[in-house]
1. Evaluate E = 1/(1 + (r/R0)^6) for A:Q123 and A:S41, where r is the Cβ-Cβ distance and R0 equals 25 Å; express this FRET efficiency to the nearest 0.05.
2. Suppose we keep just the alpha-carbon trace of region A:218-308; what are its Rg and Dmax in angstrom?
3. Report the extension gain between A:E267 and A:D239 in nm, rounded to one decimal, defined as 0.36 nm multiplied by the number of residues separating them, less their alpha carbon distance.
4. Taking every alpha carbon pair in region A:226-271, what does the distance histogram look like in 5 angstrom bins from 0, in percent?
5. How far is helix A:111-121 tilted, in degrees, relative to the longest principal axis of the Cα atoms in chain A, given as a value from 0 to 90 rounded to the nearest 10?
6. Can you list the equivalent-ellipsoid semi-axes of region A:49-165, largest first and in whole Å, using the square root of 5 times each Cα gyration tensor eigenvalue?
7. Could you check which residue among A:R130, A:R151, A:R102 shows the biggest mean-square fluctuation in a GNM of chain A with a 10 Å Cα cutoff?
8. Pairwise over distinct Cα atoms, reciprocal of the mean inverse distance: report the Kirkwood radius of region A:338-439 in Å, one decimal place.
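Every number in this text was worked out from the coordinates using simple rules, so none of it is lab data. Predicted model only: the values in this text are computed from it and were never measured. All Cβ positions, even for glycine, are placed from backbone atoms using ideal geometry, and neighbour counts span all protein chains on display.
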Amino acid sequence: MRLSQYFMPILRDDPKEAEIVSHRLMLRSGMVRQEAAGNYSWLPLGFRVLKKIEQIVREEQDRAGAIEVLMPTIQPADLWKKSGRYEAYGKEMLRIQDRHGRDMLYGPTNEEMITDIFRQGVQSYKDMPRNLYHIQWKFRDEVRPRFGVMRGREFLMKDAYSFDVSREAGQHSYNKMFVAYLRTFARMGLKAVPMRAETGPIGGTDSHEFLILADTGESQVFFDSDFLTMDLKDIDYDDVAKVAATVDYFTSAYAATDDKHDPKEFEERVPEARRVAGRGIEVGHIFFFGTKYSEPLGCEVQGADGKKVFVQSGSYGIGVSRLAGAIIEASHDQAGIIWPEPVAPFSVGLINLKAGDSETDAACAKIYAGLEAKGIEVLYDDRPGTPGTKFAVMDLIGLPTQVIIGPRGLKDGIAEVKDRKTGARQNVALDALSAHFSA
RNA sequence: CGGGGUGUAGCGCAGUCUGGUAGCGCACCUGCCUUGGGCGCAGGGGGUCGUCAGUUCGAAUCUGGCCACCCCGACCA
């Protein structure tokens, strides 16, 4: 993409409403625009990031055997009245009426709807287990939205729902999602720590939340430093014992948010040198809730013995739009964002230091075309301007690699390649540049 | 929902106390110049001063209502 043809309204000054760093940087880099409290438009740069995050989430859900669907944002209230949550959910649920006066709502979550979909489509244990998910906008009318996209009222969430014939089978479904979450966050360059959690309004028996570590996170977390070195091996999701062992492994070490933290247990279980107190941001939450929704909604299947049983379910959420902010919280510096490669809006920022000069223009055009031809996503700053401004903007938007072309380097036939994260620069011969990026 | 705060140009702000018809920096437009870390010079465009009402000869400024947004606390992907 040529910057001269792009839409990227960057700001030099911090908008005053943005206190938290990710919010500031998202506004300054022109990723989002606020429309109302907790309600954002995603501009081109931000939208690219959102799509990348979404795609990683999707791929890992698919790999774990979940099947993608898409449910509407607007739901009829009937099912919620059956489950009892129409009253229970409170003011957080945005209630609306259609022209006929029929009660509708903007979905804050989808347990009722998906359970009804499953009930209607499956009658036999032979069609189980199943896990259906979608990635859709949700609305929760938070008392106090804040922190930019990290606590919006409208937000993009991946929510998956598992259906099993027994509690034991359901446990495996839960475990698969647990592992899929670890993989998902790791792929985004994040350290995610799973912690035992309250089940809250979703209800249920077993629940974990996943927090990624960031100094500016809103929750205080206490954990065993072993988490930082735990590695996830490739896993066969059909291997029930192995998946369970992985979950056991990742839940064996101490980890708790401040409200669940037990200082005494912390000291007993974790040697002093491994005790870490840090901050984190919740980006995922999984629940097992058994028959909580299948019973009121009449979701039964016929078992091998011919008897009907209520299906066992869990639900599994990842805050996709929240992740965009959370990743910035976890990865930035004074100059701006530092995108982990897998979620970066572009991989390479190409800087033409003397746009308008036929030599640098020609060199940049060639490099741009060459990298694009290799499938590398390049944002090419082809606009006239001073070097300082260009560098500052490129640092702000945080693309992993910068390729800098100027008259000085061209004279020697070299480009400067800068790593955004480390700041390390190296000179690369122009004719070796293409090869440099295939490595 | 309780407490605090802010609304003046795209962004950041001054002006409000003491009423006289709106200004600065950045950004933007034109021209010249410059180009290796937020250049320089000259010229220019852009604002129902959140909104409604009141006081006044006259309101960004004083009074009252309303709205929006932000921050701190109790709740959440």
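1. After rounding to 0.05, the efficiency reads 0.05.
2. 18.8, 57
3. 6.6 nm
4. Going out from 0 Å in 5 Å bins, region A:226-271 shows 5, 17, 23, 20, 15, 10, 9, 2 percent.
5. Roughly 70 degrees between the two axes.
6. 25, 22, 11
7. A:R102
8. 13.4
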